[in-house]
Amino acid sequence: MQQLEIKNLSAAIGGNPIIRELNLSVAAGEVHAIMGPNGSGKSTLAKVIAGHPDYEVGGGEVLMDGENILELEPDERARKGIFMAFQYPSEVPGVTIANFLRAAVQARLPEGEELEATEYYARLYEKMDQLEIPRAFTSRAVNEGFSGGEKKRCEILQMAMVEPRYAILDETDSGLDIDALKIVANGVNALRSPARGMLLITHYQRLLNYIVPDFVHVMVQGRIVRSGGKDLALELEEKGYDWIREHAAEPAIA
Ligand code: ADP
Ligand code: MG
C-alpha cells in the first residue's frame, strides 16, 4: 500500500524520551491533522521523520511505501519524496529563492536530467502567483528579513515546486493573519492529490476550517491518544485539551 507508516516509533533528545511508541499511517491521497498541547512532541515527530540529526531514535520504524527510511540521510529521504515545512523556517543568507528552489527541484530529477531554465521559471512564477508571492522575492535571500507570513508562504512554494509524495507541515498556520492563512490553505488544497499524503500539525483548529482533513489525531506526551474524523478538531476547540489529557490513559482508537 502507498502510505507513510509510523510503527512503534520512540525518539529522544538529550536522553529525554519525547516520542513514545507512536503509531500512525498516512495513506497517499489522505490528509491527516495532528493536534495537541504545546510540548507534546508534534515538532519532534516531524523532525524525526525528516531525519533531523539531533534526535535519537530508540525503536520502531518509519516506512515509506514499505521501505524503512530511518536509516537514510535527510537528503535521501527528501529525494524519495518526503517534504517537511518547518515551524520555524531558517534563513539562508546569500542564497536566492530562485536558486534555492532550482537546486531543490534539480536534486530530485533522475540522474543526467537537466532542469530547463525557461520551464523552471514558468512553473516558479505560476506557483508564486498562486501563493501571492511578489516576483521580486525570487532574487531575495531565502527567508532573510521575511515576515512570518512570507516565510510560511515560501515553505508552501517550496512544497509546490518539489511535488513531494508525503508532506509534513508543522504549524504552517502560526503567525499568519486570516488573509495569509487563506492563501496558504488554498496553496495546500491545490496540492492535495490521490498520489500525495499530507500530515498537518497544528495547535489550533482554525487552519482546519480551510484545509479539511480526512483524519484528526490528538497527541499528548509523545503518543496519539485519540483519532477521529474532522469533527474531533471541533470538539477539541470547544472542550480544550484538558478533556483529552484526563482521558489520555484510555486506549487510542487506531
Ligand atoms: P510540540 O511541537 O508538540 O510543541 P516539541 O516536539 O517541540 O513539541 O517538544 C516536545 C518536548 O521536547 C518538549 O518538552 C521540548 O522541551 C522538548 N524538546 C524539543 N526539542 C528539544 C531540543 N532541541 N532540546 C531539548 N529538548 C527539546
Ligand atoms: Mg511544535
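Computed quantities for the displayed model
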read-out: 3J(HN,Hα) from dihedral phi, region 131-145, Karplus parametrisation 6.51/-1.76/1.60, rounded to Hz, x for glycine, proline; value: 9, 6, 9, x, 4, 4, 5, 4, 9, 8, 5, 4, 6, 6, x
read-out: Net charge, residue 141 excluded, C-beta distance under 14 Å - Lys, Arg +1, Asp, Glu -1; value: -1
read-out: Neighbourhood net charge (11 Å Cβ-Cβ; Lys/Arg +1, Asp/Glu -1) for residue 37; value: +1
read-out: Environment charge of residue 77, counting only residues whose C-beta is closer than 13 Å and scoring Lys/Arg +1, Asp/Glu -1; value: -1
read-out: Global form of region 70-116, assessed from the alpha-carbon gyration tensor, a/c cut-off 1.5; value: oblate
read-out: Neighbour-count ranking [beta-carbon atoms within 10 angstrom, fewest first] of 64, 159; value: 64, 159
read-out: Three-way shape call for region 146-254 based on the alpha-carbon gyration tensor, with the a/c threshold at 1.5; value: prolate
read-out: Rounded if a/c under 1.5, otherwise prolate or oblate - the chain, Cα gyration tensor axes; value: prolate
read-out: Under 30 Å from residue 182, Cα to Cα: lysines that are on another chain or at least 8 residues apart; value: 42, 47, 80, 127, 151, 152, 230, 239
read-out: Listed residues 117, 143, 104: farthest to the positive end of the dipole of region 14-158 (Cβ charges); value: 143
read-out: Selected from 238, 111, 163 as most flexible by GNM, with the chain as the system and alpha-carbon contacts under 10 Å; value: 111
read-out: Cα centre as origin, Lys/Arg/Asp/Glu Cβ charges: the chain dipole, Debye; value: 260
read-out: CD proxy at 222 nm, helix term only [per DSSP H run n ≥ 4: -39500 (n - 2.57); per residue of the chain; nearest 500]; value: -10000 deg cm²/dmol
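Read-outs: derived from the displayed coordinates by stated rules, not from any lab. Here the structure is a predicted model, which is why all the values come from computation and not from measurement. As a convention, Cβ positions derive from the backbone with ideal geometry for all residues, glycine included, and neighbour counts pool all protein chains shown.
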